[in-house]
Amino acid sequence: MQKALFVVILSLALLLSFGCEKCEECEDCPPCDTFYICDTLYDTLVVCDTIVVCDSNYTDIDPPFIEEISGPHEITLGGEAAFGCSVLTDAPLVRMSWDLFAETGENIDYFYPADPTEGPFTPWGTVPATFIETDTGASPTHTYDKRGKYTAVLEIEDEDGYIEHDGFVVFAVPTVPDTNADPRIVRAGIPDSIYGEDFELLRFGLIADNRIPVSVYADSYDQFHAFANINSDYLPGPNYIQTRVETGKCLRIEGAGDFRMEITVDYDIAGALHIRGGDIGDYVRYSAYMTLRETGGFPETHYLYSYTLDGIDGDQAYYINNEQVITDTVIVWGMLEYEFWFGVETVQFIGGSGGTGSSVCFDGTDGFTKLNKIKVYMEK
């Protein structure tokens, strides 16, 4: 009986192996799974053979095919962030790409004008793609050396031409957390200047679909960057992107009663805004603001500067390059501590019609916001 069973199994193995031989020879063959079948006679190994079973599909599932992306949602500066993914497709993959740090990169000639004078300009060349490959493979790594928030985005493509994206936000943090270790004492009738390099706090905000490559980061406590470039053909809309970066300093008010305090903010701006297409309601905006908050209380925010491009006016690009010196007034109370924050915000919205898009470009050496100093003067 065992001999008969052996003959049947061996015959089946040879038949299946011969029938699937083409799987190894042609490029268009369906995927194959390999099995090893052995038969024994009186506990003595007689034969082992390989059977290759071919199927027309890897799976019968529908997209999305990216099941999971793994990686650190928080990474210490200078540490190596390792990424991975789980992908299940119905056709073989031909490409697995990553965009781990959104930036102007080689497209600087499009995003920034040759002449650094503030004003409208005409971008050079074609619109850069939203997704720019920075790494490949199933398990890339990246070292983030700037504090901030970044989207880590995976793009896969199969042999049928189907493309899919997924991603998540990575927060790069310092080894030692920020502290209010050195509050600046403010006294009535005595003007004081606090330079940006003397600020001690940083915080970041990022709102966007995780599939959109975005970066918002700081070189130091006084210089900030942001970059995002979205096109409607990359991800169907509507799409909303918001970045924020704020630097802070603690103020201690000496004296009794309430005081009128003038705050003059001195800062530089260099960067570009782009909008493409002519959809009503689409816009891209850059803003700078200051916020004063009593410790444990509610914040009071004053916008200092804003520039907006509206989609209704069609394709536009504008380069901002100036120094702002803005004075505003707040009411403070003596014997209390306040947090002063200087912040930068970028906002993009596109409704999703074909051929639309926008970019905010305040990154690299050509794009930044730099807080020079604030001057405070308090009086009754």
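Each value in this text was obtained by applying a stated rule to the coordinates, not by laboratory testing. Note that the structure is predicted; figures quoted are calculated from it, not measured. Ideal geometry is used to build each Cβ from the backbone, glycine not excepted, and the neighbour counts take in all protein chains shown.
Report the extension gain between ASP209 and ALA256 in nm, rounded to one decimal, defined as 0.36 nm multiplied by the number of residues separating them, less their alpha carbon distance.
12.1 nm
Given R₀ = 45 Å, what would the calculated FRET efficiency be for THR264 paired with ALA129, taking r from the Cβ atoms and rounding to 0.05?
Once the sixth-power term is evaluated, E becomes 0.60.
Each label point is 7 Å from the Cα along the Cα-to-Cβ direction; what then is the distance between the points at GLU337 and ILE190, in nm?
1.9
Taking 0.36 nm per intervening residue step and subtracting the Cα-Cα distance, what contour gain separates THR301 from ILE61 on full extension?
Stretched fully, the THR301-ILE61 segment lengthens by 81.4 nm.
How much length would be gained if the chain were fully extended between ALA114 and ASP178, taking 0.36 nm per residue of separation minus their Cα-Cα distance, in nm to one decimal?
Values: separation 64, 0.36 × 64 = 23.04 nm, distance 3.83 nm.
Result for the pair: 19.2 nm of gain on full extension.
Could you pull out the pairs from LYS146/LYS370; LYS249/LYS370; LYS149/LYS373 whose alpha carbons sit more than 23 Å apart here?
Where the Cα-Cα span goes over 23 Å, the pairs concerned are LYS149/LYS373.
With a cap of 11 neighbouring Cβ atoms within 10 Å, and only residues DSSP puts in a loop, list the chymotrypsin sites (Phe, Trp or Tyr not before Pro) found in segment 222-321. Before the final figure, lay out each step's value.
On the way: sites: PHE224, PHE227, TYR234, TYR240, PHE259, TYR267, TYR283, TYR286, TYR289, TYR303, TYR305, TYR307, TYR318, TYR319; in loops: TYR234.
Passing both the DSSP loop test and the Cβ count: no residue.
GluC sites (Glu not before Pro) within segment 104-190: which are DSSP loop residues with at most 16 other Cβ atoms inside 10 Å?
Counting only loop positions with at most 16 other Cβ atoms within 10 Å, the GluC sites (Glu not before Pro) in segment 104-190 are GLU118, GLU133, GLU159.
Evaluate E = 1/(1 + (r/R0)^6) for ASP160 and TYR240, where r is the Cβ-Cβ distance and R0 equals 22 Å; express this FRET efficiency to the nearest 0.05. Kindly include the intermediate steps, with their values, before the conclusion.
Numbers: r = 31 Å, r/R0 = 1.41.
Once rounded, the FRET efficiency stands at 0.10.
How about segment 120-206: which chymotrypsin sites (Phe, Trp or Tyr not before Pro) there are in a DSSP loop, with at most 16 other Cβ atoms within 10 Å of their Cβ?
When the chymotrypsin sites (Phe, Trp or Tyr not before Pro) of segment 120-206 are filtered for loop state and at most 16 Cβ neighbours within 10 Å, TRP124, TYR162 remain.
Given R₀ = 25 Å, FRET efficiency for SER139-ASP90 by Cβ-Cβ distance, to 0.05? Numbers along the way, then the final one.
On the way: r = 23 Å, r/R0 = 0.91.
Efficiency, from the Cβ-Cβ distance: 0.65.
Within segment 173-211, what residues put their amide N at less than 18 Å from the label point 7 Å along the Cα-to-Cβ vector of THR76?
Backbone N within reach: 173-179.
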